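As structure tokens, the structure follows; a few thoughts come after it.
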Amino acid sequence: MSRLVAVLSIAFLASFVLFGSFIVQGQRPEPQTQPTQEMRPIAVSPTQQTQRIREGTAFKDMPVFFRQNANRTVLYTADGEQLYTCLENLALERVLTAIQQKPERQYWRVDGEFSEFRGENFVRIRRFVVAKPPVSQP
């Protein structure tokens, strides 16, 4: 009988400690990362109009750069004329990790496809590579 009480007491204490650690961990704020130049939010100009593209349309080897806009990542065409919100996936996570490691503006060549929701296009990145900045034409 005393052995059963001892086992139940240990089980109760263990569950109390485990429950307490969940409460403490849930109250910790997430660490804040300092935004880099590339990751700082930007304002979207009303003159920047984005052409609507049909759902499922694929693109290949598109020269782009990425910026943060509020809490989403935005893909800009290399000329800065078109912009599309990126859908979160593993490829985008890897791009953002690379940007955080090298904060100056990086140009990329990406493959993916367009998606459409409520009149706005989004892009899903499939493949990406770091590219040289585009040559400006006179």
Projected onto the charge dipole of the range 58-131 (unit charges on the beta-carbon of Lys, Arg, Asp and Glu, signs +1, +1, -1, -1), the Cα from Val130, Val74, Phe114 with the largest positive-side position is that of Val130
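Take every Cα pair under 8 Å in the range 58-131 that's 6+ residues apart, average their separations, divide by the length, and report that relative contact order as a whole percent.
Details: 136 pairs, mean separation 26.0, N = 74.
Relative contact order here is 35 percent.
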Taking the Cα atoms of the range 58-131, report the difference between the largest and smallest coordinate on each principal axis, in whole Å and largest first. 34, 26, 25
Which of the GluC sites (Glu not before Pro) found in the range 102-138 are in a DSSP loop and have at most 10 neighbouring Cβ atoms, other than their own, within 10 Å? Glu104
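What is the fewest-to-most order of Ser115, Ser9, Ser2 by other Cβ atoms lying within 10 Å of their Cβ?
Working: Ser115 18, Ser9 10, Ser2 6.
Ranking Ser115, Ser9, Ser2 by Cβ neighbours within 10 Å, fewest first, gives Ser2, Ser9, Ser115.
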Within 15 Å, Cβ to Cβ, of Glu116, how many net charges do the neighbouring residues add up to if Lys/Arg are +1 and Asp/Glu are -1? +1
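Bear in mind that the values in this text are calculations on the coordinates, not laboratory data. Since we're looking at a predicted model, the values are computed, not measured. All Cβ positions, even for glycine, are placed from backbone atoms using ideal geometry, and neighbour counts span all protein chains on display.
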